[in-house]
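First up is the structure itself, then whatever we jot down about it.
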Amino acid sequence: KQLVLTTEPQQLPLPAHASTKGPGSLLTAQSACPFQAFAKHRLYATELKAFSYGLPASAVGELLHGALQEFWLAVRDSSALTSNEATVLIRLDTAVTNALRKLARHYPDTVTPRFQSLEQQRLLELLTRWLELEKQRRPFTVTMTEQVLQWSWQSLQLNLRLDRVDHTANGAIVIDYKSGKVATTDWLDERPPQPQLLLYQQALQQQAVQKPTQAAQAPIAGLLYAKLNLDKLDYAGITAADEGYDKLVFTGVDGRVADWQQLQQHWQQVLQSLAQEYLDGLVVVSPQSVQSCRYCHLPALCRIDELRKQSIAPPGGPPETGP
């Protein structure tokens, strides 16, 4: 039999008239590897869930988010946070209790009274220590918690849930809660590993134009990760001015980005470029780094291991054709 060689397409564009919706994780996948986004969000290649005991990680995250949301809806600003310690602790305890009760309704076999007691103690210790760090910041007012937003580019619409926005004398500070490890971020990266904060910032700017409100009109003055981990409680991120964390203030990058406004324009271009790649149907197997493949469940579909063995697709190397 004669061997026939074929060249697979590098692009399978979406129909021009199609309206495409997805989660914010779509651009995270696109940034990590174009084929990953194609497989997850167009082929719907889902991973078989492994059997595990206890609460899923997503439920633990929802518990933390729920407690913080209720707390800040009651406390609202840094002035109330520092004015009456006894009242603050009561409100924190109430917020944690209510979040645990809500969780127990969804996981009654796991969230037993004893589990609730232990988790109440753990969360109170974590959040009490976290609030001591919050007290060190410049004055702020919490204006958004668990806010639903949309970010759009051409026919693509991404649905987002923003953890929190604070208003300070410098403008709006976008905050994303992280209970796990936060990787070091290169804010000028053309393919950022975690573009969520950039999406939130751009979505708020779009909202300011489409639906002007007092909350949305304030200029974005910072993007912060709230590192809620007992081993390391801290803020990481970048700000336009001093918000109490001098090490996070953006001072410009010689020859690349001179000021905060240009940096935001760079983020806009990065996100639009990734979104356009997805709309154009880029399907190349081109992981941004080794980390892009570490937690990806698609190696049997993209055959990245076989390609690497043949020295065809090194991590972060030039794009290769899809399978």
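Could you check the range 134-151 and list, in sequence order, the residues that are without any contact (Cβ under 8 Å) to a residue 60 or more places away in the chain and assigned to a strand (DSSP E or B)? Those that are without any contact (Cβ under 8 Å) to a residue 60 or more places away in the chain and assigned to a strand (DSSP E or B): Gln147, Val148, Leu149, Gln150. Has the range 87-96 got any residue that is out of contact with any Asp or Glu (no Cβ under 7 Å at 6 or more places or on another chain), free of Cβ contacts under 8 Å to residues at least 24 places away in the same chain and among the aliphatic types (A, V, I, L, M)? Yes, there is a match, as at least one residue in the range 87-96 is out of contact with any Asp or Glu (no Cβ under 7 Å at 6 or more places or on another chain), free of Cβ contacts under 8 Å to residues at least 24 places away in the same chain and among the aliphatic types (A, V, I, L, M). Looking across the range 256-299 at every residue that is free of Cβ contacts under 8 Å to residues at least 12 places away in the same chain and among the charged types (D, E, K, R), the one that is surrounded by the most Cβ atoms within 10 Å (Cβ to Cβ) is identified as Asp259. Criterion first (in contact (Cβ under 8 Å) with a residue 60 or more places away in the chain, under 21 Å from Gly22 (Cβ atoms) and open to solvent by 10 Å² or more (accessible area, probe 1.4 Å)) does Gln201 satisfy it? The answer is no for Gln201.
The residues in the range 218-255 that are open to solvent by 30 Å² or more (accessible area, probe 1.4 Å) and within 16 Å of Gln194 (Cα to Cα) can be counted, and the count is 1.
Note on the range 136-166: among residues that are out of contact with any helix residue (DSSP H, G or I) (no Cβ under 7 Å at 6 or more places or on another chain) and open to solvent by 40 Å² or more (accessible area, probe 1.4 Å), the one that is farthest from Leu224 (Cα to Cα) is Gln157.
Where helices (runs of 4 or more DSSP H) fall entirely within the range 1-101, those with at least 2 residues that are surrounded by fewer than 19 Cβ atoms within 10 Å (Cβ to Cβ) and at pLDDT below 95 are at 57-75. One residue stands out in the range 102-124 among those that are over 28 Å from Ala86 (Cβ atoms) and in a helix (DSSP H, G or I): the one that is least open to solvent (accessible area, probe 1.4 Å), namely His106.
The values are calculated or read from the model by the stated rules, or taken from the named source; none is laboratory data. These numbers come from a predicted model, not from an experiment. Every residue, glycine as well, gets a Cβ built from its backbone with ideal geometry; the counts of neighbours run over all protein chains shown. Side chains are part of the model used for accessible areas, which takes the heavy atoms of the whole protein and leaves out ligands, DNA and RNA. Shrake-Rupley method; radii C 1.70, N 1.55, O 1.52, S 1.80 Å.
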